[in-house]
Structures are given as C-alpha cells and as structure tokens.
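The values are calculated or read from the model by the stated rules, or taken from the named source; none is laboratory data. Owing to the predicted nature of the structure, the values given are computational and were not obtained by experimental measurement. Here the Cβ positions follow ideal geometry from the backbone for every residue, glycine too, while neighbour counts run over all protein chains shown.
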C-alpha cells in the first residue's frame, strides 16, 4: 500500500482595514520557493506570483460591508502551476 502526501507551503496571512474602513489582506511567503497565489472575495479572484520570503501588496475589498472572513487566500508552489508563469 502506497501513501502520498503533499504539504502546502507556509504562508502568513495578515488582515486589516484601510484608513477609510475597507477590509484588506496581505500574504507573506515564508518559504524559499516562489508561490502561485490568489486572493478571492465575492467571486472575484486576483492571481499573482509571490517570490520567496516576500510579502504581497495589500488587497482590499470594494465594499465596507466585507469582513476579513470574506477573503479566501490560496497559495501553492509555482512549479506545480505553470499557468501562473504566463502572467
């Protein structure tokens, strides 16, 4: 019997609010490899590459009613997702 496991990369997700009250999120790559990531809110997805040991820009919601729990953040190793290299 063979088992395979896949570990997701270590990231840190920071939530905050802009000065004018919009929810925002920032992702930090805590690995030594580049990552393919996306931040999504209400069906709108922003895809980006995140270099090793770097932080993304802040991504903010477009409505003040959104909270930090409305954001969805995903990252995986860039080598596993070649479509991100086309950006």
Let me spell it out: the conditions are (1) surrounded by 10 or more Cβ atoms within 10 Å (Cβ to Cβ); (2) in a loop (DSSP other than H, G, I, E, B), and residue 19 meets all of them except one. Which number is the exception? (1)
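Being more than 13 Å from the chain's Cα centre (by Cα) and farther than 19 Å from residue 8 by Cα is the filter; apply it to the range 45-65 and report the residue that is surrounded by the most Cβ atoms within 10 Å (Cβ to Cβ). Step through it out loud before you land on a result.
Looking only at the range 45-65, we keep the residues that are more than 13 Å from the chain's Cα centre (by Cα), and these are 52-53, 61-65.
Now drop any that are not farther than 19 Å from residue 8 by Cα, which leaves 61-65.
On the way: 61: 21, 62: 10, 63: 10, 64: 12, 65: 8.
By that ranking, first place goes to 61.
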Matching residues in the range 22-50 - criterion: being modelled with pLDDT of 95 or more, out of contact with any helix residue (DSSP H, G or I) (no Cβ under 9 Å at 6 or more places or on another chain) and assigned to a loop (DSSP other than H, G, I, E, B): 22, 30, 31, 32
